[in-house]
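**Student:** This is the structure, below, for whatever I ask next.
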Amino acid sequence: MLKPAARASSALIACEHCGIVHQRHALQSGETALCSRCGTVLWKHSRLTLSGWLALTLTALIVFAIANLHPVVSMKVQGMSRAATLVDALAMTWRHQYWGVAIMTGLAGFLIPLVQLLLLSWMLAFLAVGRRPPAFGYLSRLVRAVIPWSMVPVFLLGVLVAVVKLAGMASVAPEPGLWAFGVLCILQTLLNRLDGATLWHEAEARGIVPSLPLHQPAGQALAGCHACGQVQAVSSHGHAPACARCGAAMHHRKPDHLKRTWALLIAAAILYVPANVYPVMHIQSVFGDSAHTILGGVVELWRLGSWDIATIVFIASVVVPITKLVLLAMLAWYVQRRDPAYLWQRTRLYEIVEFIGQWSMLDVFVVILLTALAHFPGLSEISAGMGAGAFGMVVILTMLAAMSFDPRSGWDHAEPSNTPDAGIACPEAPPAASTSFRKEHV
């Protein structure tokens, strides 16, 4: 095995969940590289070339335009009809002066997905012809930042829930925008694999950006750049000014991550109370006025016979937020106590928190869709309530808490028995040794 100072940095990859450095090797079709220490997926084999990814991104942009220019669903009641696009729903919510709800859903369902597609199109267009994109470092960091906040799949599920809620009141029919959002959901799920590190690796493999040599002075540890994946030496007691390749700020571990995580969790827990006490929507009809909380909406769906949709809403709006709060608090508590127990299991729990983070926004999307569709002045009107804004903030704060938490800090106190490869030299204990990964066929 080569010494760290002699290795090519392009041949190394650092696990984001435990910090250990691995030697990167080529994968065959259907193979996935897993961290040999914590089991995290490091990278997957891709059959698409840069030109293929560009074609997929441009297709997603076209589908995005279709999805937002055409109504997603239409509603007919007593000879009157109404169809709504996502933009219509946002505009209606804004006119009702629930600006916070309109901004949150507008960013997550429209602006951020559009920005992600435009950024990928711009960078892939240059990479596909063998050129480095202008501002590559900044744009790749921006792509990584927006991926968790792009919630097209959540909006699509919100449309289905809204349709079920309205089906008992009027005639509801799907429109072309709904099918376009279904296709967009699939395309964006595929494109989420193109984060900043993947783009930089593809560019480096094609000689578009240089492969930087790795130097590890005594007393320094190896760490991977969160933006471009470049493995380089940093001080374990401070941070390097910037990544040598993309210019992103480099840290051996996220500074003060426990303080930020606890602060965000406490704020989310406080807001979770009004999110459930106050109504998420108000309904005005010829039969009178009513207000519905999150649990009230679940009960109503169950009474209508839609127990499957009621279960989905209950899981997304009640189980998921509570699960995120409890799991993140537990993970932070273990790290704060420097407890090395159950590290592999804690890593899996953190992956679950990351995966379920955005799905709690389901109820907020349902509310804005109902606001746009059931707007029949004099007959029925639906508007967002204070609970919707509070609940949206709970989702945002818990996602920020998960992003602030550094799971690598738990592995800093790992005992040899906690890793499948006893005797591995951890990257925080120089000189750091790279280790082989595990391959898995999918």
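The values are calculated or read from the model by the stated rules, or taken from the named source; none is laboratory data. Quick caveat, the model's predicted, so the values are computed rather than measured. Neighbour counts are summed over all protein chains in view; Cβ atoms, including those assigned to glycine, are modelled from backbone coordinates with ideal geometry.
**Student:** Just one of the numbered conditions (1) over 30 Å from residue 384 (Cα atoms); (2) in contact with a helix residue (DSSP H, G or I) (Cβ under 7 Å, 6 or more places away or on another chain); (3) crowded, with 19+ Cβ neighbours inside 10 Å is not true of residue 132; which one?
**Tutor:** (3)
Rundown of residues vs (1) of a type outside the set (A, V, I, L, M); (2) over 22 Å from residue 247 (Cβ atoms), yes/no style:
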| site | (1), (2) |
| --- | --- |
| 146 | no, no |
| 159 | no, yes |
| 174 | yes, yes |
| 180 | no, yes |
| 184 | no, yes |
| 193 | yes, yes |
| 207 | yes, no |
| 210 | yes, no |
| 224 | yes, no |
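**Student:** If you scan region 177-213, which residues turn out to be touching a helix residue (DSSP H, G or I) at 6+ places or on another chain (Cβ under 8 Å), in contact (Cβ under 8 Å) with a residue 60 or more places away in the chain, outside any helix (DSSP H, G or I) and surrounded by fewer than 18 Cβ atoms within 10 Å (Cβ to Cβ)?
**Tutor:** 206, 211, 212, 213
**Student:** Mind checking which pairs have a first residue in region 348-370 that is touching a residue at least 40 places away in the same chain (Cβ under 8 Å) and a second that is in a helix (DSSP H, G or I) and surrounded by fewer than 19 Cβ atoms within 10 Å (Cβ to Cβ), Cβ under 6 Å, 6 or more apart or different chains?
**Tutor:** Note: pairs meeting the criteria are 353/327.
**Student:** Working only within region 13-31, note down all residues that are crowded, with 24+ Cβ neighbours inside 10 Å and in a loop (DSSP other than H, G, I, E, B).
**Tutor:** Hits for region 13-31 are 15, 17, 18, 19, 20.
**Student:** If the Cβ limit is 7 Å and pairs must be 6+ apart or interchain, which residue in region 100-119 that is hydroxyl-bearing (Ser, Thr, Tyr) and modelled with pLDDT under 95 pairs with which residue that is surrounded by 19 or more Cβ atoms within 10 Å (Cβ to Cβ) and part of a helix (DSSP H, G or I)?
**Tutor:** From residues that are hydroxyl-bearing (Ser, Thr, Tyr) and modelled with pLDDT under 95, the pairs are 105/90; 105/364; 105/365; 105/368.
**Student:** While we're on this one: Of everything in region 32-65 that's of a type in the set (Ser, Thr, Tyr) and assigned to a helix (DSSP H, G or I), which residue is surrounded by the fewest Cβ atoms within 10 Å (Cβ to Cβ)?
**Tutor:** 51
**Student:** Tell me which of these residue 113 doesn't satisfy, since it passes every other one: (1) farther than 24 Å from residue 57 by Cα; (2) buried (at least 17 other Cβ atoms within 10 Å of the Cβ).
**Tutor:** Checking residue 113 against (1) farther than 24 Å from residue 57 by Cα; (2) buried (at least 17 other Cβ atoms within 10 Å of the Cβ), the one that fails is (1).
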